[in-house]
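Here the structure comes first, spelled out in C-alpha cells, and everything after it is commentary.
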Amino acid sequence: MIKRFGISWRSLRFRLIGWYVLLLVLTLTVFSFYIFFQFRDLQQAQQDINLQAALAKVNALVEGGQGGRGGDLRLRPPSPNQAVNQNLNLGNIQARLYNRSGTLVESIGSFAAELPEYKPNTSGFATLDTENSGQWRVYSQVIVGRDNQRVGWLVVGQPIVSVDTEVSKLFAPILFGAVLAFFLALLGGLFLANRALLPIDRVTRTAQTISTQDLTKRINYHGPEDEIGRLAKTLDRMLDRLEKGFDQERRFTSDASHELRTPLTALKGRIEVTLSRLRTVEEYQETLTDLKQEVDRLVRLANSLLYLARLDQAESFGRWETLNLSELLESLLDSLQWLAETKAIELSGEIAPTVKIYGSFDQLSRLFLNLVENALKYTPQGGRVLVRLQLVEKKVLVTVTDNGTGIAPEHLPNLFKRFYRVEADRASVSGGAGLGLAIAYEIARQHNGTIEVESNLGIGSTFKVILPV
Ligand code: ADP
C-alpha cells in the first residue's frame, strides 16, 4: 500500500507526511481539549444562571417572616387551587425553603437523588459533596427579618452529574470529528506531498537519463519559476558547462595525440629510410642531428602539455606570494638579450619600478617568457621588441610590442585557443605546437587577469596583459 503511493520509508514524501500527521494529531488534540473544557465551563456557568433564575422564581413566592411578610415563612401558591410546585417549572432543579429554626417548610421538585441538607452562612453559590447523592451545585439566599435576624433560607440545587452528562455528550462528536478531520487531512497531505514532489521526481528521472556519453540532453523543465524551476535551470546550466568542458577535453586529447603522432611518424620514417641501406658516417650524423631537432620539439611539446595539465588540475599550483613584477621582467629581459642579439633585434624595456603583485613567480615568468619569445620569433632581423610595465588605474598593465610579421585579423579570435597556430607556422619545424599563448591565457586567468592582442599584418603586434595589483 505504502509502495503503491510511491513512498519509501526514507523518502522526503514519507517524512513530510509523517511530520504533517504528527502536527495534525497534536493540533487536533489540543483543539479538542480546548473545546471540551470551554464547553464544560460554559455549561457550569449556565447551570449557575439557571440556579439563580430558579431561586428568583421561588423567592418571589416567599411570604411571612418578619421582613414585612408577617408570621412564619411559607410559599404562596402562584395561583389559587394550584400546588406550589406545579407551576414553577424549575426543570430538574430542586428548591427548599427552611424557616428560622431550620425546619423544612417547603420542598419543590423531587428526583431520584435528594438535595442534601444545607445551612448557608451567607447567600451565594456552593458545591456540596455528599456521600449518598454525589456532588451538588447549590445557590442559596438567607432571608433576614426586620431586626436583621435570619428568619430562614432558600436553597436551590442541581446534581453536578447532570452538567457532566451534558458535557460528555459532546465527547463523541468531537472524537468523531477529529478522526474524520484526521483522515481527510491525511488524504489531503498525501495529495499535496505528491503534487509538490512530482516535479522533483520528473527532474530526477530526466537527469538520470543524461549520461556522460550524451551530455546534449537537457531537463528543459516547463513550469513556474519556483524552487524546482530554479533547480532545473541550474542543472541545465551545469550541464552546459559540463558539456563544454567535456568537449574541450575531447578536442584537447585528440589534438594532443595528433600533435604527438605526426612527428613520431616522421621520426620513424626517417629512421627506416636511413636504415634501409648502409650510410656514411656523415650521413648518419646529419640524420641524427635532424632527429635531435624533432625530438627537441617533442620534448617541448610534452613539457607544454604537462604544464597545461598542471594548470588545469590545480587552480593555483606553484608558490603564490607577493612578488616584485618589475624585477621579474628586468631579469627576464636580461636573460633573453643574447637571443635578441643573435637575431639583431633591439630588445628593450620601459619598466616602472617596484610594481608588486600577488601571484606565482614560476607562472608569471612563463607567461612573459612566452610573449617575449614569440615576439622575437615573429620579428625579422633588425626589428624591435619593447616590453613595458605600467600602473594604470590601479591595475598592472604589461605590453609586449614588436614590429614583426603581425597577425591577420581572422586569426585573432582563436589565437589563445589550445593548439591554434597561424597556418604559415604549421609546416615549419621551428613553429611550436600552438600551446604558448594558451598557457599564457590560462596563467593570466588564474591571476584574475586578462590577456589581449592587437595586431596588424606586416606592421607588428602588441600583447596586453592586465593584472590586479
Ligand atoms: P607557438 O607555441 O606555436 O608559438 P603560440 O600559442 O605561442 O604557439 O602562438 C600561436 C600563433 O600565434 C603562432 O602560430 C603565431 O603565428 C602567432 N603569434 C604569436 N605571437 C606572435 C607575434 N608576436 N607576432 C606574430 N604572430 C604571433
Failed criterion for R421 (all others in (1) under 29 Å from R319 (Cα atoms); (2) of a type in the set (D, E, K, R); (3) within 11 Å of the ligand (Cβ to nearest atom) hold): (1)
Near pairs, Cβ below 8 angstrom, 6+ apart or cross-chain, from the stretch 313-328 (on the phi > 0 side of the Ramachandran plot and open to solvent by less than 60 Å² (accessible area, probe 1.4 Å)) to any residue that is among the aliphatic types (A, V, I, L, M) and modelled with pLDDT under 95: none
Residue within the stretch 328-338 that is within 16 Å of the ligand (Cβ to nearest atom), under 30 Å from G245 (Cβ atoms) and either assigned to a helix (DSSP H, G or I) or at pLDDT 95 or above (or both) present: no
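Listed here are the residues, each with its yes/no results for (1) in a loop (DSSP other than H, G, I, E, B); (2) open to solvent by 30 Å² or more (accessible area, probe 1.4 Å).
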| site | (1), (2) |
| --- | --- |
| T127 | no, yes |
| Q141 | no, yes |
| N148 | yes, yes |
| V151 | no, no |
| E166 | no, yes |
| F171 | no, yes |
| I174 | no, yes |
Where a residue in the stretch 182-203 is more than 10 Å from I17 (Cα to Cα) and its partner, wherever it lies, is of a type in the set (K, R) and surrounded by 14 or more Cβ atoms within 10 Å (Cβ to Cβ), with Cβ under 6 Å and at least six apart: L197/R13
Strands (runs of 3 or more DSSP E) completely within the stretch 386-469 that count 2 or more residues being open to solvent by 70 Å² or more (accessible area, probe 1.4 Å): 450-456
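Matching residues to (1) in a helix (DSSP H, G or I); (2) open to solvent by less than 40 Å² (accessible area, probe 1.4 Å); (3) modelled with pLDDT under 80:
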{"site": "Q47", "(1), (2), (3)": "yes, yes, no"}
{"site": "A54", "(1), (2), (3)": "yes, yes, no"}
{"site": "G65", "(1), (2), (3)": "no, yes, yes"}
{"site": "L88", "(1), (2), (3)": "no, yes, yes"}
{"site": "V105", "(1), (2), (3)": "no, no, no"}
Which numbered condition P224 fails, given (1) surrounded by 11 or more Cβ atoms within 10 Å (Cβ to Cβ); (2) outside any helix (DSSP H, G or I): (1)
Pick from the stretch 375-385, criterion crowded, with 17+ Cβ neighbours inside 10 Å and more than 8 Å from the ligand (Cβ to nearest atom), ranking: nearest to E330 (Cα to Cα): V385
Where a residue in the stretch 125-147 is free of Cβ contacts under 8 Å to residues at least 12 places away in the same chain and its partner, wherever it lies, is not aromatic (F, W, Y), with Cβ under 6 Å and at least six apart: D129/Q135
Near pairs, Cβ below 8 angstrom, 6+ apart or cross-chain, from the stretch 435-450 (near the ligand (Cβ under 8 Å from one of its atoms)) to any residue that is open to solvent by 20 Å² or more (accessible area, probe 1.4 Å) and part of a loop (DSSP other than H, G, I, E, B): L435/R418; L437/F416; L437/Y420; A438/F416; A438/K417; A438/R418; A438/Y420; A440/F416
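The values are calculated or read from the model by the stated rules, or taken from the named source; none is laboratory data. Keep in mind that this is a model prediction, so the values were computed, not measured. Cβ sites come from the backbone with ideal geometry, for glycine too, and all protein chains shown count toward neighbours. Quick note on the areas: whole protein, heavy atoms, side chains included, nothing else; ligands and nucleic acids left out. Shrake-Rupley method; radii C 1.70, N 1.55, O 1.52, S 1.80 Å.
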